[in-house]
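The structure appears right after this line, and notes come after that.
Any read-out appearing in this document is the output of simple, stated calculations on the displayed coordinates, not a laboratory observation. Model, not experiment: these values are computed from the prediction. Please note: Cβ atoms are built from the backbone with ideal geometry, for glycine as well, and neighbour counts cover all protein chains shown.
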Amino acid sequence: MKIRDMTRCALFAALLAVCSWLSVPVGDLAVSMQTFAVFLILDRLGGRKGLIAIGVYVVLGAVGVPVFTGMRAGLGVLAGPTGGYIWGFLAAAGIYWALEGRVPKAVALALGMLVCYACGTVWYELVYGPLGWWPVIAKCVLPYLIPDGAKLALAMLVGRRLRKV
């Protein structure tokens with residue numbers, strides 16, 4: 001990997017950390033700009049490099065750097081109720097990488113978002129369960145569909161602007 005690519009991955013991992021801190025708590029979950037950053041990372045870096053940038057973010061948080069929502073860190077966050085969404089960011093990057101160039105970018109990002117929801121919802125049910133799937137989906141997915149859709153559109157818009165730079 002070229003130094004330029006490593007620098008971009010590091011900068012986007014830092015952007016993801018900053019966007020994670022921009023959050024509004026909603027119960028045991030939060031509405032944050034994390035998903036915006038994930039979508040922007042994938043839009044600008046692509047699947048492989050995006051997976052690396054998101055992986056750097058996860059590793060930093062796992063070793064104790066306070067990069068997660070609420071300026072939290074550690075393996076406890078990754079094993080807690082929101083850990084599935086963090087793991088879902090990696091899964092979304094993998095899906096995006098697999099679909100890159102085969103489907104429109106917006107479709108790949110939306111499918112990545114759904115995979116992230118699936119990881120987070122299953123994880124939440126495992127941590128707090130058994131609550132039942134419909135109550136968990138009503139709590140962990142439905143309230144976030146519109147905000148995350150808006151963040152996806154915003155990330156694509158910003159990504160388009162950044163392409164020119």
### Query
Inside segment 113-162, can you point out the residues that are over 21 Å from residue 87 (Cα atoms) and small (Gly, Ala, Ser)?
132, 150, 153, 159
### Message
Just to be sure I understand, how many residues within segment 20-34 are touching a Pro at 6+ places or on another chain (Cβ under 8 Å) and of a type in the set (Val, Ile, Thr)?
### Response
2
### Query
Has segment 124-132 got any residue that is surrounded by fewer than 20 Cβ atoms within 10 Å (Cβ to Cβ), under 30 Å from residue 1 (Cβ atoms) and over 16 Å from the mean Cα position of the chain (by Cα)?
no
### Task
Looking only at segment 93-106, decide whether some residue is without any contact (Cβ under 8 Å) to a residue 60 or more places away in the chain, under 18 Å from residue 19 (Cα atoms), within 16 Å of the chain's Cα centre (by Cα) and in a helix (DSSP H, G or I).
yes
### Test for residue 70: is it touching a residue at least 24 places away in the same chain (Cβ under 8 Å), surrounded by 18 or more Cβ atoms within 10 Å (Cβ to Cβ) and within 23 Å of residue 26 (Cα to Cα)
no
